[in-house]
Amino acid sequence: MSAGGESHPERVASSGGPDVPPLSSTEPMITAAEIPDDEAIDAALSAIAEGREMSRSQVALLRSMLSSIWSMTREGTAPGDLKIADAALAEMTEAFRVFRPYRHVRKLTMFGSARTRPADPVYLLARDLAAHLAEAGWMVVTGAGPGIMAAGIEGAGAHRSFGVNIRLPFEQGANPFIAQDPKLVEMRYFFTRKLMLIKESHGYAVLPGGFGTLDECYELLTLLQTGKAEPAPVVLVETVGGSYWSRWREFVDELSSGPGYISADDLSLYRIVTTVEDAAKEVLDFYRNYHSCRFVGDVLVLRLQTAPSQAELTELNKEFSDIVASGSIRLASPFGPERSDNDQLELARVALRFDRIHYGRLRQLIDELNRCSG
């Protein structure tokens, strides 16, 4: 996304650089007796929850977060390290606030070079893809900078766009399409920025770019490959006759897949496309029947618009028995935790004890479910 590399602000902060002065010998110190104990944590939680409706899981998570903060105090965490934790939490808090009202809208995150010029065919392709997705009711998320990031926001329009900008000394601020928009988030750290660019989206388009773009592409594919991100469509987009992703695929086939560093099934986690129509179809068709998924204990629940027929279910069990740890792929009703959370109760469901290893095969199963007619 950014054409340059990261300047490692974490290293500066943790080593006591000019932004983080060392503790002065005259700075007042607290004693161990002043560090909050469990009772103080519970009292703080009661104050936070007062007058608000909070689920048990929310209270438990907030307690865990407060306990982590107290743990840093007890362990004598250095000021520079505290600064990183504080800034990261503040950035995530702001991003959650910005995205929260739009959680019900599907979003496409677009990655690509900050150096791509507006007259470049790749820029035009990105702009038109964003416009197509916006017409289909989606919103677009980019890094808010120039190049492909500007193309995405120009195509979708600011009213259907988010920007998650990184502050760098050698690049200007947010592009004019998103600058001053309330859906723009400014961040200092690459890791919090990438978290939001991936966490808040339901599909991804990666266009040609430099180190930053490839870093984002590999991290995204790694998260999907390991199940750290929910299944989602990924399109690697280049123009007709372009060679960026086709040459990359040759590298992957020869030097990653060939020696067995990745499995052949992992190649199902993305598609290389050369037109707006093919890119949009890949993204939109992923949600033609499939809606979302959730683990309930060791059971993976796939929520669908239409349940497969018994004949289709039989075929699915034959084809995908290799990723079922025990039992079978079966139709299911909402599970208890789903009912407690009122989580997509109106949708059909299939459930399986997924082995949590072969996520490329899981993507293939979702593709098959999207072909089911019920």
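We did not get these values from a lab; they are worked out from the coordinates using the rules stated. None of these values were measured; they are calculated from a predicted model. Positions of Cβ are backbone-derived with ideal geometry, glycine not excepted, and every protein chain shown enters the neighbour counts.
Working from label points 7 Å from Cα in the Cα-to-Cβ sense, the ARG167 to VAL299 distance is 4.8 nm. Stretching SER64 away from LEU124 to a fully extended chain increases their span by 16.9 nm, per 0.36 nm per residue minus the current alpha-carbon distance. Charge dipole (Cα centre; +1 on Lys/Arg Cβ, -1 on Asp/Glu Cβ; no other charges) of region 100-285 amounts to roughly 740 debye.
Taking the Cα centre of the chain as reference, the dipole from Cβ charges on Lys and Arg (+1) and Asp and Glu (-1) amounts to some 640 debye.
Rounded to whole Å, the principal axis extents of the Cα atoms in region 100-285 read 49, 36, 33, largest first.
Dipole of region 95-166 computed with +1 at Lys/Arg Cβ and -1 at Asp/Glu Cβ about the Cα centre; of TYR102, ASN165, GLY143, farthest Cα towards the positive end is TYR102. Summarising the amide proton neighbourhood of PHE162: residues at separation of 5 or more, or on other chains, whose placed amide H is nearer than 5 Å comprise VAL140, VAL141, THR142. What the phi angles of region 341-348 give under the Karplus curve with 6.51, -1.76 and 1.60, with θ = phi - 60°, is a coupling list of 8, 6, 9, 6, 5, 7, 8, 6 Hz, glycine and proline written as x. For ARG349, enumerate residues with amide H under 5 Å from its amide H, sequence gap 5+ or separate chain, H modeled in the peptide plane. The list, which skips near neighbours in sequence, is LEU304, ALA332. Orientation-averaged projection of the chain equals 22.6 nm² [convex hull of Cα atoms, one quarter of hull surface area].
Summarising the amide proton neighbourhood of GLY112: residues at separation of 5 or more, or on other chains, whose placed amide H is nearer than 5 Å comprise LEU207.
Expressed to the nearest 5 percent, the antiparallel share of DSSP beta bridges inside the chain is 40 percent. If you run the Gaussian network model on the chain, springs between alpha carbon atoms under 10 Å, then out of GLU230, GLU154, GLU135 the most flexible one is GLU135. Shown is the FRET efficiency for ARG247 and ASP81, computed with R0 = 51 Å from the Cβ-Cβ distance and rounded to the nearest 0.05: 0.75.
As a length-normalised measure over Cα pairs under 8 Å and 6 or more apart, the relative contact order of region 287-364 settles at 36 percent. Considering only SER55, SER268, SER201, the mean-square fluctuation computed in a Gaussian network model of the chain, springs between alpha carbons under 10 angstrom, is largest for SER55.
Of the residues ASP341, ASP278, ASP266, the one that moves most in a GNM of the chain with alpha-carbon contacts below 10 Å is ASP341. Taking Cβ atoms as reference points and 13 Å as the exclusive limit, the residues near SER326 contribute a net charge of 0, counting Lys and Arg as +1 and Asp and Glu as -1.
Helices in the chain that qualify as membrane-span-like (whole DSSP H runs, Cα extent of at least 24 Å along the helix axis, mean Kyte-Doolittle hydropathy of 0.0 or higher) are 56-74, 79-99.
Helices in the chain, meaning DSSP H runs of at least 4 residues, each add -39500 (n - 2.57). Divided by all residues, the mean residue ellipticity at 222 nm is -12500 deg cm²/dmol.
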